[in-house]
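A.B. asks: Pasting in a structure now, in structure tokens, and then I'll have a few things to ask.
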Amino acid sequence: EAGRSPTTPTAVIHRGTCPAQRVVEGTLENIVQRVKDAGLTPPVIILVGQVASLRSELAWFENRPLFGKTILVTRSRTQASEFAKQLQKQGAEVISFPTIRIVPPDSMEPLHAAVERLKDFDWVVFASVNAIDSFFKAVDEKGLDGRSLAGCLVCAIGSATCDRLRERGIEADMVPGRSTSRDIFDALLERDAIKGKHFFLPRPDIAPPELPDKLRNAGGTVTEVEAYRTLPADPDPAVLERLRTGDVDIVTFTSSSTARNYASLVRAGLGSLPSNITYVSIGPETTKAAIAEGMTIAVEAEQHDIDGLVAAITHELGSRQS
């Protein structure tokens, strides 16, 4: 009506720069109807002019593989940030829904005692970042440092665990290719490093007995110490509502406890597990726990760490190639 050409390129951008961004393109002549047809609602930005026609050439934001996906991260709040950053980098909207919280053991004395006699152990096996953090807290409290491990060989499970060790100036002597108890045992067996050897395993209170049992049966001596406890977290009502309304595409499990606690918290909050959710798992033990709770795992990471889980989600569930 003011004289601008009706064929002027126009775009309407809903929730710009957010993972839920949507864009409707058209011209001044038809953009109103197209926006109505698409059901776009505020907040929006309206872009008028030839620059709007360049979107197909410049659109990098929406071309990321996980753009438009809403992903629930069930790790403890202290561990979720790096995982969330990697998913966001691939374009996902990430919702934090901690199903576990990590707390110290009821008593640090057993861990203190083990730290003071590290010279008695041939191997120390760290299966998680939490185990390393708790172990070195005990080391610090006893006035010791990383040199206490000088007489031990160190097995680290997963890339994040190796990275946390490096922060302490320690390079793992063995890193199994996969993170199952069978793979850890097989890697040690291949090195002929079990019979007659003494293993120290700082572990959570809910750690399964499979690995220590295998080591003992193969002639090793095992000292297990509770390094931390894994407790259920309090559910977030806002996240439960998003699950109830179907506003979540993918739920991730990084341990057996996250799968079990998710199922318990959601059933308590909603009455049942929601349908139409895609569940992904970091590895076989976690998958087994999820299946036991009645969930179907759509994707299981081949590399059983956060990098492997992000890669599996991006490759198997991403709607676009990066």
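A.B. asks: Inspect the range 50-62 for any residue being within 30 Å of V239 (Cα to Cα), surrounded by 17 or more Cβ atoms within 10 Å (Cβ to Cβ), of a type outside the set (K, R) and touching a Pro at 6+ places or on another chain (Cβ under 7 Å) and give the result as yes or no.
C.D. replies: no
A.B. asks: Please go through the range 191-207 and pick out each residue that is part of a loop (DSSP other than H, G, I, E, B), of a type outside the set (V, I, T) and touching a strand residue (DSSP E or B) at 6+ places or on another chain (Cβ under 9 Å).
C.D. replies: Answer for the range 191-207, where residues must be part of a loop (DSSP other than H, G, I, E, B), of a type outside the set (V, I, T) and touching a strand residue (DSSP E or B) at 6+ places or on another chain (Cβ under 9 Å): R191, A193, G196, K197, D205, A207.
A.B. asks: Taking the range 221-241 on its own, how many of its residues are touching a Phe, Trp or Tyr at 6+ places or on another chain (Cβ under 9 Å) and surrounded by fewer than 21 Cβ atoms within 10 Å (Cβ to Cβ)?
C.D. replies: Applying the first criterion (touching a Phe, Trp or Tyr at 6+ places or on another chain (Cβ under 9 Å)) to the range 221-241 yields 221-225, 227, 233, 235-236, 239-240.
Of the ones still in play, those that are also surrounded by fewer than 21 Cβ atoms within 10 Å (Cβ to Cβ) are 221-224, 233, 235-236, 239-240.
Here the count works out to 9.
A.B. asks: What are the pairs, 6+ residues apart or on separate chains, where a residue within the range 184-200 that is under 21 Å from H304 (Cβ atoms) and open to solvent by 10 Å² or more (accessible area, probe 1.4 Å) has its Cβ under 6 Å from a residue that is in a strand (DSSP E or B) and basic (K, R)?
C.D. replies: none
A.B. asks: So A80 clears everything in (1) over 29 Å from I250 (Cβ atoms); (2) free of Cβ contacts under 8 Å to residues at least 60 places away in the same chain except one condition, right? Which one?
C.D. replies: Going through the list (1) over 29 Å from I250 (Cβ atoms); (2) free of Cβ contacts under 8 Å to residues at least 60 places away in the same chain, A80 breaks only (1).
A.B. asks: Follow-up question, since we're still on this one. How many residues does the range 206-220 contain that are open to solvent by 40 Å² or more (accessible area, probe 1.4 Å) and closer than 23 Å to I306 by Cβ?
C.D. replies: 3
A.B. asks: Name the one entry in S81, S5 that is hydroxyl-bearing (S, T, Y) and either in a helix (DSSP H, G or I) or surrounded by 14 or more Cβ atoms within 10 Å (Cβ to Cβ) (or both).
C.D. replies: S81
A.B. asks: Looking at A92, A114, A127, which one is open to solvent by less than 20 Å² (accessible area, probe 1.4 Å) and under 29 Å from D234 (Cβ atoms)?
C.D. replies: A92
A.B. asks: Could you check the range 29-45 and list, in sequence order, the residues that are under 14 Å from R15 (Cβ atoms), open to solvent by 70 Å² or more (accessible area, probe 1.4 Å) and either part of a loop (DSSP other than H, G, I, E, B) or in contact with a helix residue (DSSP H, G or I) (Cβ under 8 Å, 6 or more places away or on another chain) (or both)?
C.D. replies: Selection gives T41, P42, P43.
A.B. asks: If you don't mind, another one. So, of the residues in the range 254-303 that are in contact with a helix residue (DSSP H, G or I) (Cβ under 8 Å, 6 or more places away or on another chain), assigned to a loop (DSSP other than H, G, I, E, B) and under 21 Å from P176 (Cβ atoms), which turns out to be most open to solvent (accessible area, probe 1.4 Å)?
C.D. replies: E302
A.B. asks: Additional query: So which residues in the range 166-178 are open to solvent by less than 40 Å² (accessible area, probe 1.4 Å) and either in contact with a Phe, Trp or Tyr (Cβ under 7 Å, 6 or more places away or on another chain) or within 16 Å of L211 (Cα to Cα) (or both), if there are any at all?
C.D. replies: M174, P176
A.B. asks: Sticking with this structure for a sec: Any residue in the range 84-110 that is more than 22 Å from G308 (Cβ to Cβ) sitting within a Cβ distance under 7 Å of a residue that is at pLDDT below 95 and part of a loop (DSSP other than H, G, I, E, B)? List the pairs, counting only those 6 or more apart or interchain.
C.D. replies: Partner pairs satisfying both residue conditions: R101/S76; R101/A233.
A.B. asks: Just to check your reading of the model, which residue among D140, D120, D163 is without any contact (Cβ under 8 Å) to a residue 12 or more places away in the chain and over 27 Å from V310 (Cα atoms)?
C.D. replies: After ruling out the rest, the residue left standing is D140.
The values are calculated or read from the model by the stated rules, or taken from the named source; none is laboratory data. The structure presented is a predicted model; accordingly, all values stated were derived computationally and were not measured. Positions of Cβ are generated from backbone atoms using ideal geometry, with glycine treated the same way; all protein chains shown enter the neighbour counts. For accessibility, only protein heavy atoms count, side chains too; no ligands or nucleic acids. Shrake-Rupley method; radii C 1.70, N 1.55, O 1.52, S 1.80 Å.
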